[in-house]
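Worksheet: the structure to be examined is printed underneath.
The values are calculated or read from the model by the stated rules, or taken from the named source; none is laboratory data. Quick caveat, the model's predicted, so the values are computed rather than measured. Every residue, glycine among them, receives a Cβ derived from its backbone with ideal geometry; neighbour counts consider all protein chains shown. We work out accessible area using only protein heavy atoms, side chains counted, and drop any ligands, DNA or RNA first. Shrake-Rupley method; radii C 1.70, N 1.55, O 1.52, S 1.80 Å.
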Amino acid sequence: MNKKHNLYLFILLFAMSLTSCDLSYEKMLEEYNDCFGFAEGTESVNGLDDESFKESLMIPLEAYNIEFNTVFSICAPEGGSETVYNWTVLYCPKGKTKDESKQVYSTREKVLKFKPSDSVYVEGSIFYLQLAVSTERGTSNDSAWLMIGKVE
């Protein structure tokens, strides 16, 4: 009986090892993050020192549509070690201009990751995105609109 029991246990363990699932922390985190959409703006545009650099293309598009439950992510152009990035997101209530809007988010990271707060902003909300990149040669500025689209 003991040999038979050990054989069943071996077969069971062998079968489990063939069909085991990956329960690592990284895998669980990846599966969790897959539940949320990411609207990628762009990879890093031309660096500030490139001949083809255009200040007006630091943020490639004039407007971005993002879904309600989505993180908007965009990368600033590559600069040197002394480069200072300043992203600012302004909320523009309906009927107001960008000059009448209020700042809701800012970061000094090279990559902006912005998710409108579910409890405050609704479908149809509009944001104004500003980027200022400062180097020893001066400051370059660009901007774009972020519009919250339909939830599907």
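Taking GLY124, is it closer than 13 Å to MET147 by Cβ and either open to solvent by 70 Å² or more (accessible area, probe 1.4 Å) or free of Cβ contacts under 8 Å to residues at least 60 places away in the same chain (or both)? Yes. Filtering region 107-121 to residues that are at pLDDT below 90 and surrounded by fewer than 15 Cβ atoms within 10 Å (Cβ to Cβ) leaves SER117, ASP118, SER119, VAL120. Quick one: would you say GLY149 is over 18 Å from the mean Cα position of the chain (by Cα) and of a type outside the set (A, V, I, L, M)? So GLY149 does not fit the description; no.
Tell me, yes or no, whether region 56-71 has at least one residue that is of a type in the set (Ser, Thr, Tyr), in a helix (DSSP H, G or I) and surrounded by fewer than 16 Cβ atoms within 10 Å (Cβ to Cβ).
Within region 56-71, one or more residues are of a type in the set (Ser, Thr, Tyr), in a helix (DSSP H, G or I) and surrounded by fewer than 16 Cβ atoms within 10 Å (Cβ to Cβ).
In summary, GLY47 fulfils each of the numbered conditions (1) outside any loop (DSSP other than H, G, I, E, B); (2) modelled with pLDDT of 65 or more; (3) surrounded by 10 or more Cβ atoms within 10 Å (Cβ to Cβ) with the single exception of condition (1).
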